[in-house]
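Novice: First the structure, then my questions, so here it is.
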Amino acid sequence: MTDSECIVAYCDTEDDEAFKILVSRHRSFIRKVLFGVFGGWDEHAEEAEQEVLIALSTTLHRFRFESSFPTFLYRLTRNKGIDQLRSLQKRRRILGTVGLNRGGEGHSLSPQGLDEDDRILLYTILGKLREIERSILLLKEIEGFTIEQIAEMMNTPAGTVKSRLHRARTKAARLAEGGCHEMQTVEKNSKRA
Amino acid sequence: MKCRQWKRIQKELDSGSGISPRVQAHLDTCPDCRQRLNAYKHFIRLFRSEAEEPQLLNREVQVRRGSTRRLRLIAAAALISVCAAVSVTLLAARTYNDTVLRKEYAEDISREIIHGSLFSEVNGYLPVYEGTWFESDTAFELSTGRE
């Protein structure tokens, strides 16, 4: 079954199996988008994922095939993620410290996990990046979408996406290149203290 | 980012078609750009590794059909609204009844003042008024003692 067939089957006959197929096919994408929005994975992101699935089950009939399904899903997921962040009312604090507290708590989506230094490095950079920068980097570098596709997903001009991407890349590269060693040192010193 | 070639490197990264020989030649000669690019690639590798979820794909899809939290919030809000509406209605009804009673009382008093001249008769001393006041309520001859 293609995505379109699943959507039609679910909307017409409320076929739960079709919905399950659709979700299992795109669940990884949903989680990655939320990972980008939250800058990590924790119980709030998991709650947001549930909200996304609920919203998907109730709003799927509104999908008119005017845009691609990933675009529809991306917008839904990102909006729900941002709603969740707003509802926490601790957005800045969470985004600022995300990851650093998650070092050994197994909050990554990866089953293998990273070693401690890499984890600190990664989440320090993710914490320094803005939500939009993380999302763009994720869509471009991890999901492999083109700038035009990202522009469509975000409902933003391609030029804006490009400049944001360049800014995010420069920022991430600078943090990864220079700041990381200092951050790691500071982190280790604070742990020792 | 002092090297101006970083923009060119970014453009190549945007295209997704890999590093061209020209940029590669620059990377071979520019340690700054090379180090920066390697650091960036390392970050992306970590990001990808952390965001990937191969084992989660096999999990059974569980969709909470009803959002219990949201339903509970809606139910609580509805209950509070109903209670508030009932309270306001009762209060308004009571106020209305009081208003009606007050209005009726005021109308009675006004009627009596206009037609029966109640207060002016009570406070007055002229026989004609006293007579008028008692006339409707007494069936016997009255004497004021002033004849």
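Just so you know, all these numbers are worked out from the coordinates, no wet-lab data involved. This is a predicted model, so every value here is computed, not measured. Because the Cβ atoms are built from the backbone with ideal geometry, glycine has one as well, and the counts that use them run over all protein chains shown.
Novice: Net charge around B:Gly16, counting only other residues with Cβ within less than 10 Å of its Cβ (Lys, Arg = +1; Asp, Glu = -1)?
Specialist: Result for the neighbourhood of B:Gly16: -2.
Novice: If the limit is 30 Å between Cα atoms, which of A:Lys20/A:Lys162; A:Lys32/A:Lys162; A:Lys20/A:Lys171 go over it?
Specialist: Going by Cα-Cα distance, A:Lys20/A:Lys162; A:Lys20/A:Lys171 fall outside the 30 Å limit.
Novice: Right, next: Assuming R0 = 35 Å, can you tell me the calculated FRET efficiency for the pair B:Ser20 and A:Asp117, based on Cβ-Cβ distance, to the nearest 0.05?
Specialist: Efficiency, from the Cβ-Cβ distance: 0.60.
Novice: Using the reciprocal of the averaged 1/r over all distinct C-alpha pairs, how large is the Kirkwood radius of segment B:69-116 in Å?
Specialist: By the Kirkwood definition, the hydrodynamic radius is 13.6 Å.
Novice: Using 7 Å Cα-to-Cβ label points, what is the A:Ala55/B:Cys3 separation (nm, one decimal)?
Specialist: 4.2
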